[in-house]
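To start, the structure itself, in structure tokens.
The values are calculated or read from the model by the stated rules, or taken from the named source; none is laboratory data. Model, not experiment: these values are computed from the prediction. For neighbour counting, all protein chains shown are included, and Cβ atoms are generated from backbone atoms with ideal geometry for every residue, glycine included.
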Amino acid sequence: MHLFKLDSMKGGWFIGDFEPSVMQTKDFAVGWRQHAKGEPIEPYFHVLAPEVNVIVRGRVRVNDQELAVGDIFLVHPKEVCRIEFLEDTDLVVVKWPSVPGDEYPEDVRNYGRVTV
């Protein structure tokens, strides 16, 4: 058995094509993301990877829909995600494949700097 600490991982991501990692793989990425109430997150999108989010604590507004503990939302490639943290929130996030850098701010899409 090997032991790891979540706080030694980058941004809560612990499986994927990056270091440090519990398991390095290009197939998928898994993270435990912790966000404070009101924490600003710029609207973003992925070109390649779908992203599944499970809300394990807190409440969020995602693309004008309020979600809470136990809700799961899937963000499709090229779909802009606008998220607001209504309470301190913990998410389990899974993306596949694991493509470091496949997250872009919405304004990049709007100004044609990324081919979608």
Region 1-29 residues that are surrounded by 12 or more Cβ atoms within 10 Å (Cβ to Cβ) and of a type in the set (S, T, Y), paired with ones that are modelled with pLDDT of 95 or more and not in a loop (DSSP other than H, G, I, E, B) (beta carbon under 7 Å, 6 or more apart): S21/F14; S21/I15; T25/I15; T25/G16
Every pair of residues 6+ apart whose Cβ atoms lie under 8 Å, when the first sits in region 63-74 and is closer than 14 Å to F85 by Cβ while the second is surrounded by 13 or more Cβ atoms within 10 Å (Cβ to Cβ) and small (G, A, S): A68/G58; V69/G58
Any hit, region 31-47, residues being within 20 Å of H2 (Cβ to Cβ), surrounded by fewer than 19 Cβ atoms within 10 Å (Cβ to Cβ) and under 16 Å from the mean Cα position of the chain (by Cα): yes
Filtered residue count, region 76-92, keeping only those that are in contact with a Phe, Trp or Tyr (Cβ under 7 Å, 6 or more places away or on another chain), among the β-branched types (V, I, T) and closer than 19 Å to V30 by Cβ: 1
Checking S98 against (1) surrounded by fewer than 14 Cβ atoms within 10 Å (Cβ to Cβ); (2) touching a Phe, Trp or Tyr at 6+ places or on another chain (Cβ under 7 Å), the condition it does not meet: (1)
